[in-house]
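Below is one structure, written out as structure tokens, with a few remarks after it.
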Amino acid sequence: MANNNSDSGGSREINALWGGRFTEGPNALMEAINASIPFDQRLFAQDIAGSKAHAAMLVAQGILTAEDGASIAQGLDTILQEIESGQFNFQTALEDIHMNVESRLRELIGDAAGRLHTARSRNDQVATDLRLWVRETMDGADTALQGLQAALLDQAEAHADAIMPGFTHLQAAQPVTFGHHMLAYVEMFGRDRGRLADARVRLNESPLGAGALAGTSFPIDRVVTAKALGFDHPMANSLDAVSARDFALEFLSAAAICATHLSRLAEELVVWSSAQFRFVSMSDAFSTGSSMLPQKKNPDAAELVRAKSGRIIGALTGLAIVMKGLPLAYSKDMQEDKEPVFDAADSLALCVAAMTGMIGQMTVNRDKLRAAASQGFTNATDLADWLVRELDLPFRDAHHVTGALVRLAEDRGCGLDDLSLADMQTVEPRITEAVFAALDLDYSVASRNSFGGTAPDNVREAAVSARERYL
Ligand code: ARG
């Protein structure tokens, strides 16, 4: 939209909606920097719903005649339908969605259109529109995340007893079950949904009727418009109502945290699907090939989910910086709230959907998981625990003895359970044959049945509970 005639001052017509005190139209660059219609047209449905609620209230309060109210409502319905069917002509000269709609309303119904803006400002209007949009987006994100949880739960239940290495520092630590690993993400996305729900409660109050900043002298009823738009109540302070964007920041915060969860899962899929791991195979539908390397099947969708967390966190950072230091009440800076919100919402929706597809369609390679779990001495803690339980060693001593046995096994190039009893007894003579049962991987995971632990029976129970809580 950059204009080459920047120095010519190529000026536009005087704005019909606010140009009363102007003698000259805006410079082309003024129009370019000022216009939000290229992006805020996404608010059309909310803008029209807000106007209809406002007009109906004005009629009920005797501020507008029933005739004018009816033709405004009809005109707005026509506009809604024009926009939905792609027939609406959005004009940059009309700045934003609010003035595009009002100007078209005037074309459709004449002078009555001019009465719609009684007791209202674009400041409370845009605050209302964006709240409605973010609310709807939060609800959509909640449903989408629920779908992702369902996909994770299906995998968790199918592989409740599939043994894999659990990692700390990405070093094999203890055997866990694949189902347990999936359920960890179910909990994370559950909290993400909780954060959205918490933010929704604070978001759900109505700025409409705050006017430009100070309220209005007309006898409006803000409770009525609040209820009509599904808000719990009107916002208590008109200055706050037009200035607050913390609802958008809270949405972006919740989205950013959710994006970090998605990126962690995405990273695991990237690692797990590599030739070195092969814990899972991604479906062809969520992979791409290489133009040069014929053998490649790349987890691009997972990589992009991993990356998009960057732009979602960027949206949060960007809007936080826009808002910091802004004096009350409205400043045009706040027009910059929309693009980060839209972009983050779109990115999050795409990431959650792609992740749901990837999780639903991935194949879990149980043999590879188990083979990996039997490497790296993941049963060392089981050995130490056995020494504590059976020989009454203090855990610190048991840890030391086990360390010596790990060193021995490492020298032999074998696992702990491949050592002979005689070998073991060179380190701790009281060890008996019974130790080997404790080193078995199935025994190991089954024994970790403390609440929240990895035992297959726990995982099955936890999955049932998660279905009840989340689905
Ligand atoms: N397009 C504007 C925005 O998004 C609408 C509010 C304009 N208000 C004003 N006082 N100029 O913030």
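Scanning region 388-420 for residues that are open to solvent by less than 100 Å² (accessible area, probe 1.4 Å) and acidic (Asp, Glu) turns up ASP397, ASP417. Of the residues LEU319, LEU269, LEU304, LEU262, the single one that is at pLDDT 95 or above and within 16 Å of the ligand (Cβ to nearest atom) is LEU319. Residues of region 229-238 that are among the hydrophobic types (A, V, I, L, M, F, W, C) and surrounded by 22 or more Cβ atoms within 10 Å (Cβ to Cβ): PHE231, MET235. In region 85-100, the residues that are under 21 Å from HIS117 (Cα atoms) and within 14 Å of the ligand (Cβ to nearest atom) reach residues that are modelled with pLDDT under 95 and open to solvent by less than 20 Å² (accessible area, probe 1.4 Å) with C-beta atoms within less than 9 angstrom, at least six apart or across chains, in these pairs: ALA93/ASN15; ALA93/GLY25; LEU94/ASN15; GLU95/ASN15; MET99/ASN15. Cβ-Cβ distances below 6 Å connect the following pairs, each with a first residue in region 432-450 that is within 16 Å of ALA173 (Cβ to Cβ), a second residue that is outside any helix (DSSP H, G or I) and at pLDDT below 95, and a separation of six or more residues or different chains: LEU439/ASN379; SER444/ASN379.
Annotation note: of ASP154, ASP161, the sole residue that is away from the ligand (no atom under 16 Å from the Cβ), open to solvent by 20 Å² or more (accessible area, probe 1.4 Å), under 19 Å from TRP272 (Cα atoms) and touching a Pro at 6+ places or on another chain (Cβ under 6 Å) is ASP161. What's the total number of residues in region 327-338 that are open to solvent by less than 40 Å² (accessible area, probe 1.4 Å) and either away from the ligand (no atom under 12 Å from the Cβ) or among the acidic types (Asp, Glu) (or both)? Number satisfying all stated conditions: 1. Comparison of VAL341, VAL352 shows that the only residue that is crowded, with 22+ Cβ neighbours inside 10 Å, of a type in the set (Val, Ile, Thr) and within 16 Å of the ligand (Cβ to nearest atom) is VAL341. Can you find a residue that is within 16 Å of the ligand (Cβ to nearest atom), under 25 Å from ASN15 (Cβ atoms) and assigned to a helix (DSSP H, G or I) anywhere in region 59-82? There is no residue in region 59-82 that is within 16 Å of the ligand (Cβ to nearest atom), under 25 Å from ASN15 (Cβ atoms) and assigned to a helix (DSSP H, G or I). Applying the criterion of being more than 11 Å from the ligand (Cβ to nearest atom) and touching a residue at least 60 places away in the same chain (Cβ under 8 Å) to the residues of region 114-127, the residue that is nearest to ALA55 (Cα to Cα) is LEU116.
Counting only residues that are free of Cβ contacts under 8 Å to residues at least 24 places away in the same chain and open to solvent by less than 10 Å² (accessible area, probe 1.4 Å), region 192-228 holds 1 of them.
Inside region 239-264, can you point out the residues that are open to solvent by less than 40 Å² (accessible area, probe 1.4 Å) and free of Cβ contacts under 8 Å to residues at least 60 places away in the same chain? Answer for region 239-264, where residues must be open to solvent by less than 40 Å² (accessible area, probe 1.4 Å) and free of Cβ contacts under 8 Å to residues at least 60 places away in the same chain: just SER263. Taking the criterion of being in contact with an Asp or Glu (Cβ under 6 Å, 6 or more places away or on another chain) and either surrounded by fewer than 16 Cβ atoms within 10 Å (Cβ to Cβ) or closer than 29 Å to ALA197 by Cα (or both), would at least one residue in region 75-96 satisfy it? No, region 75-96 contains no residue that is in contact with an Asp or Glu (Cβ under 6 Å, 6 or more places away or on another chain) and either surrounded by fewer than 16 Cβ atoms within 10 Å (Cβ to Cβ) or closer than 29 Å to ALA197 by Cα (or both).
Are any of the residues in region 376-387 under 33 Å from the mean Cα position of the chain (by Cα) and of a type in the set (S, T, N, Q)? No: region 376-387 contains no residue that is under 33 Å from the mean Cα position of the chain (by Cα) and of a type in the set (S, T, N, Q). Screening ARG12, ARG42, ARG104, ARG115 for residues that are modelled with pLDDT under 95 and not aliphatic (A, V, I, L, M) leaves exactly one candidate, ARG12.
Screening region 176-191 for residues that are within 20 Å of the chain's Cα centre (by Cα) and not aliphatic (A, V, I, L, M) and picking the one that is most open to solvent (accessible area, probe 1.4 Å) gives ARG191.
The values are calculated or read from the model by the stated rules, or taken from the named source; none is laboratory data. All figures in this text were calculated on a predicted structure; none of them were measured in a lab. Positions of Cβ are backbone-derived with ideal geometry, glycine not excepted, and every protein chain shown enters the neighbour counts. Accessible surface is based on the protein model in full, side chains and every heavy atom, while ligands, DNA and RNA are left aside. Shrake-Rupley method; radii C 1.70, N 1.55, O 1.52, S 1.80 Å.
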